[in-house]
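Report on the following structure.
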Amino acid sequence: MSNLFGKFKSEINKGVGVVSAKSKGLIEITKINSQINGLQAQKKSAFEDLGSALYNMHSENNMDMEKIHSMCKELSLIVASIEEKKEQIKKIQEEEQEAISKLKPQACECGEVIKEDAMFCSKCGKKIEAEE
């Protein structure tokens, strides 16, 4: 009977671990997505400013290349920040999947789920390597 409660407790702990990993990741990803939205608004505004400046320079027949380069550099920094934030999201998702995979039961090459204390697969008999 105590073995049954031990297994039940173990399964509950695994479930709590999965929920914990996913909720932590969701909170972080939501924060980063909010930052990305702000950066995208800045990018849109910077594109509009650049377009307006180019049109005005063209209309006045006075192309200020230094100003154009400066505005393009500002845009490049915003785009780089957006890409950096997207990479942060990918890293969080990978860490989340890694944490969840550690909670999943180990499986043999034949597909059989291995019990925690097993030394051999109950289906094919292959020796089970200890996980680190």
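Please treat every number below as a calculation from the coordinates, not as lab data. These numbers were taken from a predicted model, which means no experiment stands behind them. A quick note on method: Cβ atoms are made from the backbone with ideal geometry, for glycine too, and the neighbour counts reach across all protein chains shown.
Distance between the pseudo-spin-label points of Thr30 and Asn56 (7 Å out from Cα toward the beta carbon): 4.1 nm. Projected label points at Ala41 and Lys123, each 7 Å from Cα along the beta carbon direction, are separated by 5.3 nanometres. In this simple spin-label approximation, Ser70 and Ala107 carry label points 7 Å from Cα along the Cα→Cβ vector, and these lie 5.9 nm apart.
Derived scalar couplings between HN and Hα for the stretch 42-59 equal 5, 5, 4, 5, 5, 5, 4, 5, 4, x, 5, 5, 4, 4, 4, 4, 5, 4 Hz in order, rounded to whole Hz, by the Karplus curve 6.51 cos²θ - 1.76 cosθ + 1.60 (θ = phi - 60°), x for Gly and Pro.
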